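Novice: Have a look at the structure that comes next, please.
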Amino acid sequence: MKTSVQFYRNVLGMELLYGGEHSSFSSLRANDSESVILNLELGNGVSRWGRIIFHVTHVDVFWKLLKGED
C-alpha cells in the first residue's frame, strides 16, 4: 500500500481522499472533482485486470516525470 499510495499521490499528483500508506484501503482522485476515484485494497493479487487512463498534453515530459528525470 505504501508504494502504491506514494506513486499515485507523489508522482501522479492524485489527491488522497481516504486511508494512506499504512492503511489496508485507500481512495485517491485526480486533482479535479469530476474525476473517477481510484480505490486500492491491500490483499492478495487477483487475476482480473483494471485500468486507469491519464490524458496528458506532453507525453514525453510526463514520461520523464515518471522516470524521475527533470
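Novice: With every protein chain kept in the model, how would you rank R29, R48 by accessible area, 1.4 Å probe, largest at the top?
Specialist: Output order, biggest surface exposure first: R48, R29.
Novice: Residue by residue through the stretch 51-63, which ³J(HN,Hα) values in whole Hz follow from phi under the Karplus form 6.51 cos²θ - 1.76 cosθ + 1.60 (θ = phi - 60°), with glycine and proline marked x?
Specialist: Result, ordered by residue: 7, 9, 10, 10, 9, 10, 6, 10, 4, 5, 5, 5, 4 Hz.
Novice: With viscosity set to 1.002 mPa s at 20 °C, what whole-number translational diffusion coefficient in µm²/s follows for the chain from Stokes-Einstein and a Kirkwood radius over Cα pairs?
Specialist: For the chosen part, D equals 162 µm²/s.
Novice: Next up: Once amide H atoms are built 1.01 Å from N in the peptide plane, which residues 5 or more positions from M14, or in another chain, come under 5 Å H to H?
Specialist: Sorted by chain and number, the residues that satisfy this are R9.
Novice: Another question, if that's okay. Carbon and sulfur together cover what percent of the accessible area of the chain at a 1.4 Å probe radius?
Specialist: Reported share for carbon and sulfur atoms: 50 percent.
Novice: Let me ask something additional. Express the relative contact order of the chain as a whole percentage, based on alpha carbon pairs under 8 Å and six or more residues apart in sequence.
Specialist: Over the chain, the number comes to 23 percent.
Novice: Can you send over the solvent-accessible area of S4, 1.4 Å probe, protein chains only, in Å² to the nearest 10?
Specialist: 50 Å²
Novice: For W49, W63, give the ranking by accessible area with the largest first, probe 1.4 Å.
Specialist: Putting W49, W63 in descending order of accessible area: W49, W63.
Novice: Now for a different question. Per residue, how many Å² of accessible area does the chain show with a 1.4 Å probe?
Specialist: 83 Å²
The values are calculated or read from the model by the stated rules, or taken from the named source; none is laboratory data. Fair warning: this is a prediction, and the values are worked out from it, not measured in the lab. SASA here: full protein model, heavy atoms, side chains in, ligands and nucleic acids out. Shrake-Rupley method; radii C 1.70, N 1.55, O 1.52, S 1.80 Å.
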